[in-house]
Amino acid sequence: MANELAIIKKNWLRLADHIKEVPAPFEQTIFLAECSLAGTLEIDDMLVKTQNVEAGAELVLKRSAAEVQDERAVAVHTKGGVLLGYMPRRHAAVMARLMDAGKNLSAKVVGKELEGHWLDIRISIEMKEV
């Protein structure tokens with residue numbers, strides 16, 4: 001009996017190692033919004049900080065209520081930690097609640113364009129649902 005249990009355990013552990021490679025059957029990415037970042041005019045040296053930021057670049061979303069005295073603020077950073085701006089309030093209210101609920105949100109740069117003194121950085125926000 002002990003030998004049979006040892007064999008079952010060994011086979012189960014071998015199977016568990018392979019399960020990590022199998023994607024979840026209902027995993028999907030859900031498009032949530034596309035928007036221009038807010039607050040880009042207040043960031044010093046924005047053109048220098050964003051010279052390597054191109055369309056398709058992955059971004060990091062962080063809750064930052066204490067930073068800007070807005071309980072629903074969502075800061076947008078590069079993967080290297082450079083602050084690019086904030087999600088506009090009309091989107092941040094919902095996104096902040098989703099992030100607070102533990103949802104996995106991600107963002108990518110859609111494009112950027114200099115309009116006078118304002119650098120318009122457009123992002124796409126998605127939620128990965130498992």
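Every number here is computed from the coordinates shown, using simple stated rules; none is lab data. Model, not experiment: these values are computed from the prediction. Cβ coordinates were reconstructed from backbone atoms using ideal geometry, including for glycine residues, and neighbour counts include every protein chain displayed.
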| task | Could you tally the net charge around Leu84, taking each other residue with its Cβ under 10 Å from the Cβ of Leu84, Lys/Arg +1 and Asp/Glu -1? | result | +2
| For the pair Asn104 and Ile30, how long in nm is the line joining their label points, each one 7 Å along Cα→Cβ? | 1.4
| For the residues Glu27, Glu34, what sequence is obtained by ranking on other C-beta atoms within 10 Å, fewest first? | Glu27, Glu34
| task | Could you check the simple spin-label distance between Lys49 and Ile8, using points 7 Å along Cα→Cβ, in nm with one decimal? | result | 5.8
